[in-house]
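The values are calculated or read from the model by the stated rules, or taken from the named source; none is laboratory data. Not measured: the values here are computed from a predicted model. Note: ideal-geometry Cβ built from the backbone for every residue, glycine included; neighbour counts use all protein chains shown. We work out accessible area using only protein heavy atoms, side chains counted, and drop any ligands, DNA or RNA first. Shrake-Rupley method; radii C 1.70, N 1.55, O 1.52, S 1.80 Å.
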Amino acid sequence: MKPLWLIVTAAGSGTRMGAAVPKQFLFLEGKAILQRTIERFVEAVPGVKVVTVLPKEHIPYWKKYCLERSFTIPQVIVAGGITRFHSVRNALERVPDGAVVAVHDGVRPFVSAALVRSMAETMQSCRALVPVLPSTDTLKALSAGPDGVLATIPGRVLDRSEVYGAQTPQMFLSEELKAAYSQAFDTSFTDDASVAERCGIPLSWCEGERLNIKITRPEDLLLARAILSL
Ligand code: C5P
């Protein structure tokens, strides 16, 4: 069984939340969202090794938080980069070859232990695994003009039955993901699967979870409280 490593991406500034601290540090029923995310993963796979990527300027804040709250799960703390891609690349330097590496957004505290476990198991016999959900909304391809006004892109039609939303955790073989992350940055790299795919790593898919939300905007906190109360 290959060891499991977890990279928790939490180096974003969270500007869409409009809060004083980045969203991963916001409290949800008395605990930072980031703590909840890490705890959920460790509960699923107790031996997992955790690499937490943080904004450089918030590293002292997080260390103090963990100390004061006796949050003792061992973490390798890494400073993030300018984009998520650069943050993951920094974290991968701390992950050994021969492992399965899961990359998970620090603001997705509701992934189920069952999904994490079943993905880790599937990864013993595949190269990359990504949870996805079919779209329930009708999707439109639009572009914003310089004035911010939306307009249709002529000729571009999206077939809803072919479009899925990708979630995290996404899992890979560590040496393969490291090789993929050695390529030059491209703005289309908004998740790890897009980086891996460009390198020719075959992707496998599994069913994601509706409650595995990415807490991004203020109203997501309302949803998060509702999920916690389930
Ligand atoms: O910006 P987005 O919502 O896609 O961010 C997804 C995750 O990536 C968040 O957990 C965020 O903290 C993280 N991130 C990062 N480094 C960045 C930007 C985002 O670790 N430079």
Note to self: If I model a spin label as a point 7 Å beyond the Cα along the Cα-Cβ vector, how far apart are those points for Ser70 and Ser161 in nm?
What the structure shows: 5.7
Next item on the list: Using a 1.4 Å probe over the heavy atoms of the protein chains, calculate the carbon and sulfur portion of the accessible area of the stretch 1-40 as a whole percent.
Entry: 52
Item checked: Given charges at beta-carbon only (K, R positive; D, E negative), |dipole| of the stretch 110-230 in Debye -> 160
Next item on the list: Pull up the DSSP beta bridges for the chain and report the antiparallel fraction as a percent, rounded to 5.
Entry: 40
Checklist line | Value of [θ]222 nm, deg cm²/dmol, for the chain, DSSP H segments ≥ 4, -39500 (n - 2.57) each, nearest 500 | finding: -8000 deg cm²/dmol
Item checked: Principal axis dimensions, largest first and in whole angstrom, of the chain by Cα -> 55, 41, 36
Notebook entry, point to check: Rounded to the nearest 20 Debye, what is the dipole magnitude of the chain about its Cα centre when Lys and Arg each give +1 and Asp and Glu each give -1 at the C-beta?
Noted result: 520
Note to self: Suppose R0 equals 22 Å. What FRET efficiency, 1/(1 + (r/R0)^6) with r the Cβ-Cβ distance, do Glu209 and Lys140 give to the nearest 0.05?
What the structure shows: 0.30
Check: Averaged per residue, what accessible surface does the chain expose to a 1.4 Å probe, in Å²?
Finding: 51
Margin query: Bins of 10 Å, beginning at zero and ending with the bin holding the largest distance: percent of Cα pairs per bin for the stretch 94-159, please.
Written below: 14, 29, 23, 22, 12
Check: In the stretch 47-140, which GluC sites (Glu not before Pro) are in a loop and have at most 14 other Cβ atoms within 10 Å, using DSSP for the loop call?
Finding: Glu93
